[in-house]
1. Rounded if a/c is under 1.5, else prolate if a/b is larger than b/c, else oblate: which is region 97-156, with a ≥ b ≥ c the root eigenvalues of its Cα gyration tensor?
2. How large is ³J(HN,Hα) for each residue in region 117-123, as worked out from phi by the Karplus curve 6.51 cos²θ - 1.76 cosθ + 1.60 (θ = phi - 60°), to whole Hz, x for Gly and Pro?
3. Amide H neighbours of Glu117 under 5 Å, counting only residues 5+ apart in sequence or on other chains, H built in-plane at 1.01 Å?
4. List every residue whose amide H lies under 5 Å from the amide H of Phe64, counting only residues 5 or more places away in sequence or on a different chain, with H placed 1.01 Å from N in the peptide plane.
5. So what J values fall out for region 146-158 if you push phi through Karplus, 6.51 cos²θ - 1.76 cosθ + 1.60 with θ = phi - 60°, rounded to Hz, Gly and Pro as x?
6. Calculate, in nm to one decimal, what Leu103 and Gln75 gain on full extension: separation in residues at 0.36 nm each, minus their alpha carbon distance.
7. Normalized C-alpha radius of gyration of region 5-84, against 2.2 N^0.38 Å?
8. Search the structure for amide H atoms under 5 Å from the amide H of Thr134, placed 1.01 Å from N in the peptide plane, and list their residues when 5 or more places away or on another chain.
Amino acid sequence: MNETYLETGKIVSTHGVRGEVKVLPWADAPEFLLKFKTFYLNNGTEALPVEQSHVHKTTVLIKFKGVDSVEQAQQLRDKVLYIARDDPHIPAGTVFHADLIGLPVRADGAEIGKIKEILSMPASDVWVVKGEHTYMIPQVKAFVPSLDFSKGYIEVNLIEGMRTDEN
């Protein structure tokens with residue numbers, strides 16, 4: 001929780017012959033990545049300044065400074081891109097998956113488990129919460145009324161059918 005650098009996407013291929021790469025974004029919308037002027041590799045150890053970027057369908061095409069050929073771009077393939085948490089382009093109140101994984105979840109005042117995985121679904125993210133039982137909880141207001149991290153846990157509202165190991 002509260003990592004300095006956050007995974008934001010993966011370079012999946014090259015694009016063209018001038019060093020552009022195609023990035024599969026791990027964000028609500030690919031446009032989110034257009035805000036950033038620097039990405040990082042290797043959990044923040046290597047900075048990659050952006051020369052230009054634009055959305056292409058559901059991906060983002062990025063031309064990094066100093067990456068000027070398809071051969072150089074090919075060396076970046078399958079690398080995970082990171083952003084800095086303190087980047088001024090991140091809106092206040094933004095919650096990242098990395099902030100949620102491992103967080104205790106409570107229902108009716110009792111801990112039911114911890115968030116082990118987050119599934120990105122078309123309607124909303126779905127939390128996989130594991131404890132004595134396993135629950136799948138959509139991240140919507142009806143079930144997750146607030147994301148207040150100050151208590152050190154998240155309070156949720158459960159309904160029948162969220163517990164996946166019920167018979």
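Read-outs throughout are calculated quantities, based only on the coordinates presented, and are distinct from any laboratory measurement. Model, not experiment: these values are computed from the prediction. Don't worry about glycine lacking a Cβ; one is built from the backbone with ideal geometry, like all the others, and counts go over all protein chains shown.
1. Here region 97-156 falls in the rounded category.
2. 7, 10, 9, 8, 10, x, 7
3. Counting only residues 5 or more places away or on other chains, the set is Val128.
4. Residues meeting the amide H criterion: Val21, Glu51.
5. 7, 10, 8, 7, 4, 7, x, 7, 10, 8, 10, 10, 9
6. So the chain would gain 6.5 nm between Leu103 and Gln75.
7. Relative to the rule-of-thumb radius for its length, region 5-84 sits at 0.95.
8. Under 5 Å from the amide H of Thr134: Thr164, Asp165.
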